[in-house]
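Beneath this line is the structure, given in structure tokens, with notes to follow.
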Amino acid sequence: MKASIFWISACFSAFGFLPFFALHSSTVVLVFIALLVLAMTSYITKIKIPFILRFGSLVSCTVLVWSEYGGIRSVEAAAGLFALLSILKLWEVSKSRDYFLYFLIFQLMMISQYLLLESLLLLFYMIMSSSFMCAVFMQLQKDQTASMTYLNRGKRLVLLRLMVTSIGLATVLFFAFPRSTFTLFRNSNITQNHPWTDYSEELRPGSITNLIQTDNIIFRARFDATAPAMPDMYWHGSTLAVSDGFNWSRKNNLVFSSYLPKDNPGFYRFEADMEDSGKGALFLLSPSTNFKLLSLGHVAWRGLGDARIIPLTKKKTRWTSSSVAMQGFFDNAKSLDEARQIPSDIKDFIKERYPQFEGLSAAQIISNTSKMFSAEFGYSLNPGAYSGTPLDQLQEFLINRKVGVCEHFASAQALILRAFGFPSVINVGFHGGEYNDIGDYWIIRGRDAHAWVNYYDESKGWQRSDPTYSLVPSLIDNGATDFNQKWLEQNLSNNNWMSNYKIPFLNSFIKIIDTTYYNLNLAFINFDAERQQEIWNFLGLEEWKRSRLRWLTLFIAGVSLSLFWLANQRFTRSPWQKVNSLYRKYLKKLHKIDLRVDQTMPPLQLKTELIRHNLDESYMTFLDHYIDVKYGTNLKNPTKQQLTSLKTVYRRIRNTKGRP
């Protein structure tokens, strides 16, 4: 049995750490594998590892974790250290106590992994491994060798009751225990970026092209009331104001005051949750107002209306915001002059190419370029790569190829506006999304990636222009899911991407699965002080102080434990325990009437004593019933009728004096 437990323990460590190797440094992963191999080799060969080597390895692993993670005050360092310690403990297992300590270290490692990844699948694995560990504990406690605990039906039932009760009580405490935003495991050195960083920091031909052909979920958003119509649902991620003539990037010291978040009353209020953790842009319905970060981190407003999150933990980013009307926001002359900058060769080419735009207003240029794109250009999800200088790329697009996606048309329109002296910038983010009518929220995927133009009108301020609408209005009106599927069906007949959307039943099933996943994440993974306050408000406890809520939590825990104990007493006791309990009470009753009876006395001998002392007939009746139930049948368990009869007789003698 002990051999089986060793290999079970080794599997626990391997499956609890190695699938998440990407969360740790390569050095820690390699050391973990080396220590695991050495532990298995030592166990197979029965060569005990010397104490000096075990102690040296412990010190070395601690120093390694300190150097790799810059200290041990982080979840990453805790997960890495506990993983290495679990293997070091396997080096010296010989008694049941060693396995108990190993499983404790393993559980701490899994908790650290969960805090890092925050995955429902990992949570499920933790519950399953905990159940199996309880079975192993029961086996070690009994020190049995005949059979495994989890194969014994009786013990499986005990284990099931234990786990159901534990999970139920843990769930109650999880929701009831007062929450705090404070954490010891803050980490300002998180380097992982969101998957959209490649194009949100700069825009080059192909940046969005690659992303719109993926089905990866970026974030989900749920509106409090109504959502904006699909043509108006522009999720603003970054504002790019610097151009070399075809490519665009940010300028950190450029500030557009009109783009900064407002405190005005807004509409279309929503709450959003990122699919992945890491730092990067937040997506807002610009211009944004009433913004609030719900997860732990710092938000940097970069002056262009775009917010960048720097998380302090590995927790997925959550935020809430709403939008205000865009009209009437004006900027200062210095910022607007920055938004007119354009390379001289690009400016000369555009003015020579489009002399008819000279003297027109910004709105007129927008109208004319949109008509030109609609009449002479084509939209394609595979426009091909561009090479050469920025001027060569722009000429290739405007003169020769005349095929592109949103990023090409937005870049060209913004450059034309700048060439004729009108401030303009490129906004990158997402447009629309897929509405999940079952869960009542929006799913924004990679295929919804989009780029558009914001230009400055002297009388109206900043205005949005989307040249893509003039080419493919159905993309903006209906969203990318419907448009991309039709486009791929027409242009790539052998491509089965998004084929699941052709099957209504499968589509509904996927929505149900995603709704379940999303709601469970909100309920467990993203449960915080604000969501807990919503529960208290729903229960009418919004005015209670946190100290009173702590007492309430203890009360709930006490009631839960009491109910469990009562249920356990009622449903887990065997029928023979009830029979024996009544017999013990019967003997105590005899003691109360000064009849000193040895508890080891056989019932038939006790009956003789009762006759000799001339006790009340009810005492004799109970003893006769007890003898009949205990020894007069061959039943495996007494029947319900026998138990009821025995209880009835005992109740008759409780108030008797015993002697006639």
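None of the figures in this text is laboratory data; all of them are computed from the coordinates on show. This one's a predicted model, so the numbers in the text were calculated from it and none came from an experiment. Note that we place each Cβ from the backbone using ideal geometry, even for glycine, and neighbour counts take in every protein chain shown.
Assuming R0 = 51 Å, what is the FRET efficiency of Asp348 and Arg269, from their Cβ-Cβ distance, to the nearest 0.05?
0.60
First measure r as the distance between the Cβ atoms of Lys402 and Leu30, then evaluate 1/(1 + (r/R0)^6) with R0 = 56 Å and state the FRET efficiency to the nearest 0.05.
Once the sixth-power term is evaluated, E becomes 0.60.
Report, as a whole number in µm² per second, the diffusion coefficient that Stokes-Einstein gives for the range 392-440 at 37 °C and 0.692 mPa s using the Kirkwood radius over alpha carbon pairs.
249
Using Cα positions and a limit of under 15 Å, work out the aspartates and glutamates in reach of Lys647, with same-chain residues fewer than 8 apart set aside.
Asp624, Asp628
When a/c is below 1.5 the answer is rounded, else prolate if a/b is larger than b/c, else oblate, so apply that to the range 579-654 with a ≥ b ≥ c taken from the square roots of the Cα gyration tensor eigenvalues.
prolate
Suppose each label sits 7 Å from its Cα in the direction of the beta carbon; what would the Phe124-Ile593 distance come out to in nanometres?
In this crude label model, Phe124 to Ile593 measures out at 6.2 nm.
By per-residue mean of other Cβ atoms within 10 Å, what is the highest-first order of 42-53, 89-100, 226-237?
Listed from highest to lowest mean packing, they are 226-237, 89-100, 42-53.
Which value in Å does the Kirkwood hydrodynamic radius of the range 329-475 take, with 1/r averaged over all unlike C-alpha pairs and then inverted?
With all distinct Cα pairs of the range 329-475 included, I get 16.4 Å.
What ranking do 401-414, 470-483 get when scored by the average of other Cβ atoms within 10 Å per residue, highest first?
401-414, 470-483
Hey, can you rank 267-280, 583-596 by average C-beta count inside 10 Å, highest first?
267-280, 583-596
Given 37 °C and 0.692 mPa s, how large is the Stokes-Einstein diffusion coefficient of the range 1-90 in µm²/s, with Rh as the Kirkwood radius over Cα pairs?
D = 243 µm²/s.
Consider just the alpha-carbon atoms of the range 12-58 and return their Rg together with their Dmax, both in angstrom.
According to the Cα coordinates of the range 12-58, Rg and Dmax are 12.2, 34 Å.
For the residue pair Ile72 and Leu101, what label-to-label distance in nm results when each label sits 7 Å from Cα along the Cα-to-beta-carbon direction?
Each label point is offset 7 Å from its Cα along the Cβ direction, giving 1.5 nm.
If R0 is 25 Å, what FRET efficiency do you get for Ile167 and Glu534 from their C-beta distance, rounded to 0.05?
0.65
Got a sec? Which residues in the range 208-244 would a label at Arg464 touch, if it sits 7 Å along Cα→Cβ and we count backbone N under 18 Å?
Backbone N within reach: 219-241.
What is the gain in length, in nm to one decimal, between Ser562 and Ala363 on full extension, counting 0.36 nm per residue of separation less the C-alpha to C-alpha distance?
Full-extension gain reported as 64.3 nm.
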